[in-house]
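Please treat every number below as a calculation from the coordinates, not as lab data. Everything numeric here is computed off the predicted structure, so don't read it as measured data. Counting neighbours? That spans all protein chains shown, and the Cβs are built from the backbone with ideal geometry, glycine included.
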2 protein chains.
Amino acid sequence: MLEKEQPSEEVLAARAYLSAVAEPPASALAGFVEAHGVCRASELVRRGDVPALVADEVEARREHVSGAEVLSAARFAGIRLVTPEHPEWPHERFAGLTDATAIGLPGMAAPLALWVRGSVPLAEALETSVSIVGARAATGYGERLAVEFGHGLASAGFTVVSGAAYGIDGAAHRGALATSRPTVAFLACGADIDYPAGHSRLLRAISEQGVVVSEYPPGASPRKHRFLVRNRLIAASGQGTVVVEAGARSGASNTANTADALGRPVMAVPGPVTSKASVGCHEMVRGAKALLVTGVGQILETLSPLGTIPFEEARVPGLETDSLDPHARQLYDALVPGEEVSADQLAQESGLPLRKIRALLPALELAGLAMRNEQGWSRCA
Amino acid sequence: MLEKEQPSEEVLAARAYLSAVAEPPASALAGFVEAHGVCRASELVRRGDVPALVADEVEARREHVSGAEVLSAARFAGIRLVTPEHPEWPHERFAGLTDATAIGLPGMAAPLALWVRGSVPLAEALETSVSIVGARAATGYGERLAVEFGHGLASAGFTVVSGAAYGIDGAAHRGALATSRPTVAFLACGADIDYPAGHSRLLRAISEQGVVVSEYPPGASPRKHRFLVRNRLIAASGQGTVVVEAGARSGASNTANTADALGRPVMAVPGPVTSKASVGCHEMVRGAKALLVTGVGQILETLSPLGTIPFEEARVPGLETDSLDPHARQLYDALVPGEEVSADQLAQESGLPLRKIRALLPALELAGLAMRNEQGWSRCA
């Protein structure tokens, strides 16, 4: 059924070329494509017939890459190209990225195309989604929570989006994979590359139940700046972003800042103040950049419009004596279990006027907190 | 020197009587004393010649207590009476309590007098002070932090105020006692009573280096409502209140609410979300009732007017590459240690225009991040 709506081979080749010719994020090129259309734009780029700003982005590679070649190499590697022309393109999620200046993040831009490993349609997977990110150097505490959150949020119908890195990312994906929901991993290298290598089996599992996605063409190697660029897609793909553990300087806080700039709720999980892995989370909360959350319930509450999901965690059953007003409480405290005391003695013990004592005792009796005996009153044990 | 300024024996006896005749907080009686003066007020109370609201507070005990007796019993127990007439009365700290309605807390009132075990002058001890409170059922994590904060804040010149209870309170006092600073414990029973019993040695140590204080006359037994009433004095006695650990329903949050109502900063320490003992702290932060703090530095920063004390914890030394702008970073990532690459290759690798590459390379060389060789450029390992 997707087949029917597939864009033409020509459009795919043009998108493949544009996605390979510039190093993302290519905001000038994106604008140029908007203005001239995909096929015309790629033709002009190949000819070098472009404005200076676009030239800066494409000059180095325009004569060295071929859309057709990239496309066939991708297909050979089992990677499909998803473009804004596809019905499964998540236009809504990426809307904020197209206007870089609006969100005050320089060099932001929506991806020109996405290379996808896995058959789940993107828009469908991201319709109800949450991003879970955090430190690679996570603690057992953090990984346990990431698995629990990934599983709990997926069970609640959310697609868990993350970066497939060691630590929090991988744990969140694993938790989600334990349900039947798809999970989405955005890579900072080609979707055909198992990075990190130790997660090759995890990446395969993700591509089978969900999708492994990259805006870099197959074969592109991971580079430090690509992780920061990739993070904007993770931030944009979730309705909100949860940071489970983050060090003092971390990619997770970079993702959180982008989510915040996109107007998506950012949540951070506290941890022991003695743990370096929680420093970033605590700083986000201190700086009012993130809402402190302690569990799946609070995350769902934050993600649900108008807090439609009630917040249970805080509710604790109260003892009946907790509902007593101060004077009744004062009187109750003056009563002794198994020892009968007169109203006069109770007045002196509690410091309350006899009048009040006489009015309050029946109420306490009704509440089952005091009982009348031969010699006076005593507390119900 | 204190001797010289001692109020007359008559005033002391009157205050002793007033402090024993009503169950604190006695806001009507406090107002009555303001209006008529201590000696006249106690005389009128003894005669029962008082307005209805005052009568409610004193009626039950007015004929049964004697100021002189309470006073001599206290002296026999080594407890001294400190009154608003003493130069050591901490007027400033209790100012907020005198106007109950102003702070929106019903039944609030400054104490009519304080019974003190220990010789350190109160006002002096409370001139620079911080309250540290928390759960009795604290964890090892919480107690360790309470000791550390108590010690760190006392070392910084603050008097640590708390309630001498098991758990956080006791740990905070112990940490402070390890310095030469006084520490102040407010009890919910007579200052002559070792409560909790297991803290008798701690209480003695506090009374020797600082003071054990109560608004209840010697012999008064601890009662549940008295702990809540006592908490207002802990909240009022510190420039700010730090909650180290607090359960879902806790006295610590009661103290925090009062401190907040008094306009004093409230701070809460996060902990593992898996710990029941941190639920209250996390809720306070979520509800914006407390500022999240992770260490002594942040507490000092919060307590110091205009944040005069700089905040260090967050500063982390950066790698020189972290200061690179995105393009320089992109170029740096394209360089390979020990492998010589031409500017053209670097342009294709990085996707940057040759022009930019030529401009950036010397800068990276100056920064000691890139080096020129026979065949081209390589990254400095």
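Only helices enter the 222 nm calculation for the protein assembly as shown: every DSSP H run of n ≥ 4 contributes -39,500 (n - 2.57), and dividing by all residues gives -13000 deg cm²/dmol, rounded to 500. Between B:ALA77 and B:SER119, the modelled labels are 2.2 nm apart [label points 7 Å from Cα along Cα→Cβ].
Considering only beta bridges that DSSP places wholly inside chain A, some 40 percent are antiparallel. If you look at the Cα atoms of the range A:11-100, you get an Rg and a Dmax of 12.9, 36 Å. Where is the GNM fluctuation largest for chain B (alpha-carbon springs, 10 angstrom cutoff): B:LEU360, B:LEU203, B:LEU114? Looking only at B:LEU360, B:LEU203, B:LEU114, the biggest GNM fluctuation is shown by B:LEU360. Taking a point 7 Å from the Cα of A:ALA248 along the Cα-to-Cβ direction, the residues of the range A:257-286 with backbone N closer than 18 Å to it are A:271-286. Shielding value for B:222-229 is 4, the average number of Cβ atoms from other chains within 10 Å of each residue's Cβ. Taking 7 Å steps out from each Cα toward its Cβ at A:LEU354 and A:ARG372 produces label points 1.7 nm apart. Secondary structure note: in the protein assembly as shown, about 40% of the DSSP beta bridges are antiparallel. Between the C-alpha center of the range B:205-268 and that of the range A:167-215 there is a gap of 51 Å. Near B:VAL336, the amide H atoms lying under 5 Å from its own belong to B:ARG379; only residues 5 or more places off or on other chains count, and H is placed 1.01 Å from N. Of A:GLU339, A:GLU148, A:GLU88, the residue with the greatest mean-square motion in the GNM of chain A, using alpha carbon springs below 10 Å, is A:GLU339. Our Cα-only numbers for the range B:320-379 put the radius of gyration and Dmax at 10.0, 28 Å. Which FRET efficiency value, to the nearest 0.05, is calculated for A:ASP325 and A:TYR166 with the Förster distance at 56 angstrom and r the Cβ-Cβ distance? Between A:ASP325 and A:TYR166 the formula returns 0.50. Calculated FRET efficiency, A:ALA363 to A:SER304, Cβ-Cβ distance, R0 = 30 Å: about 0.15 to the nearest 0.05. Expressed as a fraction of 2.2 N^0.38 Å, the C-alpha radius of gyration for the protein assembly as shown is 1.26. The rotation axis taking chain B to chain A passes closest to the C-beta of one chain B residue; that residue and the distance in whole Å read B:PRO270, 2.
Karplus-derived 3J(HN,Hα) values for the range A:190-198, using 6.51 cos²θ - 1.76 cosθ + 1.60 with θ = phi - 60°, are x, 5, 8, 9, 7, 10, x, 3, x Hz; glycine and proline are entered as x.
Comparing B:ILE357, B:LEU335, B:LEU346 along the charge dipole axis of the range B:320-379, the residue lying farthest to the positive side is B:ILE357, per the Cβ-charge model.
Of the residues B:SER214, B:VAL147, B:VAL120, the one whose Cα sits farthest toward the positive end of the charge dipole of the range B:70-220, with +1 on the Cβ of Lys and Arg and -1 on the Cβ of Asp and Glu, is B:VAL147. Once C-alpha pairs closer than 8 Å and six or more residues apart are averaged by separation and normalised to the residue number of chain A, the relative contact order reads 12 percent.
Each copy carries B:ALA248; placing its label point 7 Å along the C-beta direction from Cα gives inter-copy distances of 3.7 nm, listed from smallest up.
Sorted from nearest, the other copies put their B:ALA197 label points 6.6 nm away, the label point being 7 Å from Cα in the direction of Cβ.
With the label put 7 angstrom out from Cα along the Cα-to-Cβ vector, B:SER304 ends up 4.5 nm from the copy partners, going from closest to farthest. Compactness of chain B is given as radius of gyration and Dmax, 29.8, 107 Å, from Cα positions.
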